[in-house]
């Protein structure tokens, strides 16, 4: 089960500065019980928006930079020195208290594709994930049974771009 509360500590832990482009973050939370919806987002330049029942506003914040040390999925971090480009969370509280949602992370890693793929495979397997090859990436389920898919692509010889999707819509 994806827990939104576990992701919220990312925001204060992420390093904030004005260099380059930061991480774009979007969190959507919806309750099926009363139909309320909350959205919190920030773009790579620090423009943040909040939309909750009864209030809507925006503010300019320092850029947020999320990296491998700030991200953790059930005990698995991103490849060392990876930079998160985008983090999207959709959380839904369904009828009867059943929570569901998705986490979608786009990142860049400073290593060849085969190195990054092997690193994730080893770390995920060690944490009890069910893992199988999926082209140049991986797919399977987390230790809690949530489905995941890791797409990886070489960006030259020493850089890998990735997208990690966890959960079901």
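Taken together, the values in this text are just the output of simple stated rules run on the coordinates, not laboratory data. What you see is a predicted model, and the numbers here were worked out from it, not measured in a lab. Note that we place each Cβ from the backbone using ideal geometry, even for glycine, and neighbour counts take in every protein chain shown.
Structure summary
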quantity: Added length on full extension, which subtracts the Cα-Cα distance from 0.36 nm per residue, residue 100 to residue 47; calculated: 16.3 nm
quantity: Distribution of pairwise C-alpha distances over region 81-169, 5 Å bins, in %; calculated: 3, 14, 22, 23, 19, 10, 5, 2, 1, 0
quantity: Label-zone membership for region 133-169, site residue 81, 7 angstrom Cα→C-beta point, backbone N under 17 Å; calculated: 155-162
